[in-house]
Amino acid sequence: MMKTLLHLLAMLMANFAVAAEGAAGSAVRAVNLPPPPSTGAMSLNEALARRRSVREFSHGELTLDEISRLAWAAQGITAPQLRTAPSPGATYPLEVYLVVGEVKSLATGVYRYLPCLHRLELMSDGDIRLPVADTAVGQTWISKAAMVVVIAAVFERTTACYGKRGERYVYVEAGHVAQNLLLQATALGLGARPVGAFNDLGISRLLRMPEGEMPLYIVPVGRIAQS
Ligand SMILES: Cc1cc2nc3c(=O)[nH]c(=O)nc-3n(C[C@H](O)[C@H](O)[C@H](O)COP(=O)(O)O)c2cc1C
């Protein structure tokens, strides 16, 4: 009985997050992404076989279409209240930020992906890829990627339902989201690499994350340097 009530509460909180997102999405500084196409050029098997962690990036802008597909792969809506990646009890504890450096038709800055609207919301201006790399224990290669995806968590959305064990679920979900992103990057012929070594407080301050949000995983994405 108690578990059912907690589950209902978590569902309500998830719905509240969606409502809040709608309000934020109506702000002026938002960018609508092109609809994510339902087909891709590479098969799942090929993407699985080809995926490799890449650190060697060349200069070269990403396109809005590529950003659309990447964001959708990470957290896109695929059915009412459901997304590309599984989530414990559909509590959706994760937020996806894009640290944009070189994207055609998109100003540099930090953007938050709004799944329900398939839209980006500009959180702050300017190119912060270098400080992000510094905060990732000096992994300077990160600053060469056209864009850095940061996956952050609001643990309470899930722990409200599942208690302490919910913390584990949030980390597991971040892995699902990151893998979706890595496979999509591979399918698009882009390079990407998951990064776990970074200073949590440093990243949350740089991205001006709201209180209660914690960065879990970083995935730089960009064009692969030809060797
Ligand atoms: C949880 C996790 C954290 C990682 N952190 C880093 C990191 O901080 N820096 C880095 O260059 N690679 C990092 N990697 C990438 C691994 O080094 C890489 O996956 C591994 O060398 C295997 O290569 P592959 O991904 O091409 O199969 C991380 C991978 C995982 C799963």
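The values are calculated or read from the model by the stated rules, or taken from the named source; none is laboratory data. Everything numeric in this text was worked out from a predicted model, so none of it was measured. Positions of Cβ are generated from backbone atoms using ideal geometry, with glycine treated the same way; all protein chains shown enter the neighbour counts.
Among the candidates Thr135, Thr159, which residue alone is of a type in the set (Val, Ile, Thr), crowded, with 18+ Cβ neighbours inside 10 Å and within 12 Å of the ligand (Cβ to nearest atom)? Let's see the steps before the verdict.
Numbers: Thr159 fails: within 12 Å of the ligand (Cβ to nearest atom).
The match here is Thr135.
What pairs can you find where one residue is in segment 47-63 and over 27 Å from Thr108 (Cβ atoms), the other is within 11 Å of the ligand (Cβ to nearest atom) and not in a strand (DSSP E or B), and their Cβ atoms are less than 8 Å apart, with a gap of 6+ or different chains?
Ala47/Thr186; Arg50/Thr186; Arg51/Leu182; Arg51/Thr186; Arg52/Thr186
Hey, among the residues in segment 135-152 that are in contact (Cβ under 8 Å) with a residue 12 or more places away in the chain and out of contact with any Leu (no Cβ under 9 Å at 6 or more places or on another chain), which one's nearest to Ile203 (Cα to Cα)?
Filtering segment 135-152 down to residues in contact (Cβ under 8 Å) with a residue 12 or more places away in the chain leaves 135-137, 139, 141-152.
Cutting the leftovers down to out of contact with any Leu (no Cβ under 9 Å at 6 or more places or on another chain) gives us 136-137, 139, 141, 144-145.
Working: Ala136: 8, Val137: 11, Gln139: 13, Trp141: 16, Lys144: 17, Ala145: 17 Å.
Across segment 135-152, the extreme among qualifying residues is Ala136.
Using the structure shown, decide if Tyr97 is under 20 Å from Ala192 (Cβ atoms), surrounded by 18 or more Cβ atoms within 10 Å (Cβ to Cβ), among the hydroxyl-bearing types (Ser, Thr, Tyr) and touching a Lys or Arg at 6+ places or on another chain (Cβ under 9 Å). Let's see the steps before the verdict.
On the way: under 20 Å from Ala192 (Cβ atoms): yes; surrounded by 18 or more Cβ atoms within 10 Å (Cβ to Cβ): yes; among the hydroxyl-bearing types (Ser, Thr, Tyr): yes; touching a Lys or Arg at 6+ places or on another chain (Cβ under 9 Å): yes.
Yes: the conditions hold for Tyr97.
Have a look at Val177, Val148 and point out the one that is assigned to a helix (DSSP H, G or I) and buried (at least 23 other Cβ atoms within 10 Å of the Cβ).
On the way: Val148 fails: assigned to a helix (DSSP H, G or I).
Of the residues listed, the single one that is assigned to a helix (DSSP H, G or I) and buried (at least 23 other Cβ atoms within 10 Å of the Cβ) is Val177.
Being of a type in the set (Lys, Arg), at pLDDT 95 or above and surrounded by 16 or more Cβ atoms within 10 Å (Cβ to Cβ) is the requirement here; does Arg205 meet it?
Working: of a type in the set (Lys, Arg): yes; at pLDDT 95 or above: yes; surrounded by 16 or more Cβ atoms within 10 Å (Cβ to Cβ): no.
Here the answer is no, as Arg205 does not meet what is asked.
Against the condition near the ligand (Cβ under 9 Å from one of its atoms) and more than 13 Å from Val132 (Cβ to Cβ), how does Leu216 come out, does it pass? Steps first, please.
Values: near the ligand (Cβ under 9 Å from one of its atoms): no; more than 13 Å from Val132 (Cβ to Cβ): yes.
Here the answer is no, as Leu216 does not meet what is asked.
Working only within segment 116-132, note down all residues that are surrounded by 22 or more Cβ atoms within 10 Å (Cβ to Cβ) and under 18 Å from Asn180 (Cβ atoms).
Leu120, the sole residue that qualifies.
Yes or no: segment 177-199 includes at least one residue that is more than 20 Å from Ser58 (Cα to Cα) and more than 12 Å from the ligand (Cβ to nearest atom).
Just the residues of segment 177-199 that are more than 20 Å from Ser58 (Cα to Cα), to begin with: 177-180, 196-199.
Narrowing further to those that are more than 12 Å from the ligand (Cβ to nearest atom): 177, 180.
So far as segment 177-199 goes, yes, one or more of its residues are more than 20 Å from Ser58 (Cα to Cα) and more than 12 Å from the ligand (Cβ to nearest atom).
I'd like to verify a number: residues in segment 24-74 that are assigned to a strand (DSSP E or B), within 16 Å of the ligand (Cβ to nearest atom) and either hydroxyl-bearing (Ser, Thr, Tyr) or surrounded by fewer than 17 Cβ atoms within 10 Å (Cβ to Cβ) (or both), how many? Step through it out loud before you land on a result.
Looking only at segment 24-74, we keep the residues that are assigned to a strand (DSSP E or B), and these are 30-32, 53, 57, 62.
Those left that are additionally within 16 Å of the ligand (Cβ to nearest atom): 53, 57.
With the extra rule that they be either hydroxyl-bearing (Ser, Thr, Tyr) or surrounded by fewer than 17 Cβ atoms within 10 Å (Cβ to Cβ) (or both), the set shrinks to 53.
Residues meeting the conditions: 1.
What are the residues in segment 175-227 that are of a type outside the set (Asp, Glu), more than 30 Å from Ser38 (Cα to Cα), in contact with a strand residue (DSSP E or B) (Cβ under 7 Å, 6 or more places away or on another chain) and touching a residue at least 24 places away in the same chain (Cβ under 8 Å), if any? First the steps, then the outcome.
Of the residues in segment 175-227, the ones of a type outside the set (Asp, Glu) are 175-199, 201-210, 212, 214-227.
Next cut, more than 30 Å from Ser38 (Cα to Cα) only: 196-199, 201-210, 212, 214, 227.
Still in the running and in contact with a strand residue (DSSP E or B) (Cβ under 7 Å, 6 or more places away or on another chain): 196, 198, 203-204, 207-209, 214.
Selection gives Phe198, Ile203, Ser204, Leu207, Arg208, Met209, Met214.
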